[in-house]
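Worksheet: one structure, shown below.
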Amino acid sequence: MRILYLTQWFDPEPGVIKGPRFVRALEAAGHEVTVVTGFPNYPTGRLHPGYRLRPMMRETIEGARVVRLPLYPSHDGSSARRALNFLSFFASAFLYCLLRRDRYALAYVYHPPITVGLAAALAGLVRRLPFVLEIQDLWPDTIAVTGMGGASTLARMLDPVCRFVYRRTRTIIVQSEGMRRALVDRGVSDAKIVVIHNWSEVEDPPARDDDARPTGSTTIVYGGNLGRAQALGTVLEAAALIERRRRDVRILLYGDGIDAKELKSKARAMGVTTLEFCDRIPRADIVPVFARADALLLHLARDPLFAITIPSKTQFYLAMGRPIIAGIAGEAADLLRESGAALIAPPEDAEALADAICTFADRPQAKREAMGRAGQDFYRRSLSFEQAIGRTLAVIG
């Protein structure tokens, strides 16, 4: 089957869940896949090195055939610029689907943003192209909690768009049971929804070199977006509380995002010295950093939306075989408790997070390693790439 994989985000942008490995797996099953995406600008809103805007660009990334279409690069706190980013790619994707010379049997559409699904839905009315919609972030809920100016108004405008796209799609894939229940409550047929948990793009971390680790301290590492959804100000506050009790805990934050500047300024004002900001680095380079860490850190804002969301970092961390300290609630917290790999604190509770980190720092090395092994075993049993691909291929048909 010839498949059009339509997504605004793709490698080399960080955090892409369905990247080249996903494409290669579909092709290994006998499908021919073309990725249609934008020019990479996430998470900074600036084009990645080596790219410049043009009407169309073709390239091959790790064996995946990629077509890049123009968009307005932006990823900041402005709702107008963010809307222009989404709408510009919508226009490019819609025209590509409408005017393409290639004939596809199916479109596989990755959402967010919902405007990508809208392009497939509208073009499909003319070209009779069925599509599968994968929902990673539930809109308009996600927009409403971003903190952007005018976000609530934008969310109200997007609600009917979401409902139109849901009606037009053949199948909806969601990454959590909570998302499935939310869609059913909004009138989407349960028979139309399939739950497929995300996987980790890296499942074989390097061997842990204990001789290369600093002794006498506990290193906690966060890697990912520094944005509103992560509410990492809580981590700064927890670090300040820990410093009053002990000096043997280091927290490293790797990444970038719209809150990066504000977080760094806040850390300086608080005088936190045991927390360090590190530049965003490629996935291949962050894996050994994670492997050397004593524990990995996960945090989300306190919002009902995130109680039904399982951030992709959850699977990535579990696959790394390292203990996890998480400030989260809901389905992701339940998953981590079941794994046996994590200490859980309520979201946006700096004191509870500091307590969890200190509790972990006092644990013997043998218990820490047992946590990591339990998480990795749980990942392989319940969340592996092979299981998810098998279910995806069944949906595609």
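Structure values in brief
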item: Among the residues listed as 109, 116, the single one being at pLDDT 95 or above and under 23 Å from residue 30 (Cβ atoms); result: 109
item: From 10, 39, 22, residue being of a type in the set (Phe, Trp, Tyr), closer than 20 Å to residue 203 by Cα, touching a residue at least 24 places away in the same chain (Cβ under 8 Å) and in contact with a strand residue (DSSP E or B) (Cβ under 7 Å, 6 or more places away or on another chain); result: 10
item: In region 319-336, residue farthest from the chain's Cα centre (by Cα) [restricted to those that are more than 18 Å from residue 376 (Cβ to Cβ) and free of Cβ contacts under 8 Å to residues at least 40 places away in the same chain]; result: 334
item: Close pairs from region 260-274: first on the phi > 0 side of the Ramachandran plot, partner surrounded by 11 or more Cβ atoms within 10 Å (Cβ to Cβ) and modelled with pLDDT of 95 or more, Cβ under 8 Å, at least 6 apart; result: 271/240
item: Hey, residue 154 at pLDDT below 95, closer than 21 Å to residue 43 by Cβ, surrounded by 18 or more Cβ atoms within 10 Å (Cβ to Cβ) and assigned by TED's automatic domain parsing to the domain that holds residue 46 or not; result: yes
item: Residues that are of a type in the set (Val, Ile, Thr) and within 21 Å of the chain's Cα centre (by Cα), drawn from region 64-101; result: 66
item: Filter result for the condition that a residue is in a loop (DSSP other than H, G, I, E, B) and either assigned by TED's automatic domain parsing to the domain that holds residue 224 or of a type in the set (Val, Ile, Thr) (or both), over 44, 34; result: 44
item: Positions within region 252-271 being farther than 27 Å from residue 304 by Cα and either in contact with a Leu (Cβ under 6 Å, 6 or more places away or on another chain) or assigned to a helix (DSSP H, G or I) (or both), in sequence order; result: 264, 265, 267, 268, 269, 270
item: In region 344-354, the residues that are out of contact with any Asp or Glu (no Cβ under 9 Å at 6 or more places or on another chain) and without any contact (Cβ under 8 Å) to a residue 24 or more places away in the chain; result: 344
item: Matching residues, region 55-75, being part of a loop (DSSP other than H, G, I, E, B) and loosely packed, with under 14 Cβ neighbours inside 10 Å; result: 55, 56, 62, 63
item: Complete set of residues in region 13-31 that are in contact with a helix residue (DSSP H, G or I) (Cβ under 7 Å, 6 or more places away or on another chain) and either outside any loop (DSSP other than H, G, I, E, B) or surrounded by fewer than 18 Cβ atoms within 10 Å (Cβ to Cβ) (or both); result: 25, 29
item: Residues located in region 254-307, provided they are in contact with a strand residue (DSSP E or B) (Cβ under 7 Å, 6 or more places away or on another chain) and either of a type in the set (Lys, Arg) or outside the structural domain of residue 330 (by TED's automatic domain parsing) (or both); result: 264, 280
item: Residue check, residue 87 in contact with a helix residue (DSSP H, G or I) (Cβ under 7 Å, 6 or more places away or on another chain) and buried (at least 22 other Cβ atoms within 10 Å of the Cβ); result: no
item: Residues located in region 278-325, provided they are assigned to a loop (DSSP other than H, G, I, E, B), touching a Ser or Thr at 6+ places or on another chain (Cβ under 8 Å) and over 25 Å from residue 359 (Cα atoms); result: 308, 309
item: Conditions (1) surrounded by fewer than 19 Cβ atoms within 10 Å (Cβ to Cβ); (2) at pLDDT below 95; (3) closer than 19 Å to residue 12 by Cα; (4) not acidic (Asp, Glu); number of the one not met by residue 47; result: (2)
item: Residue within region 288-301 that is under 27 Å from residue 204 (Cα atoms) and among the β-branched types (Val, Ile, Thr) present; result: yes
item: One residue from 142, 171 being at pLDDT 90 or above and either within 29 Å of residue 378 (Cα to Cα) or surrounded by 20 or more Cβ atoms within 10 Å (Cβ to Cβ) (or both); result: 171
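The values are calculated or read from the model by the stated rules, or taken from the named source; none is laboratory data. Treat the numbers as computed from the prediction; the structure is a model and nothing was measured. Quick reminder, even Gly has a Cβ in these numbers, built from the backbone with ideal geometry, and neighbours come from all protein chains shown.
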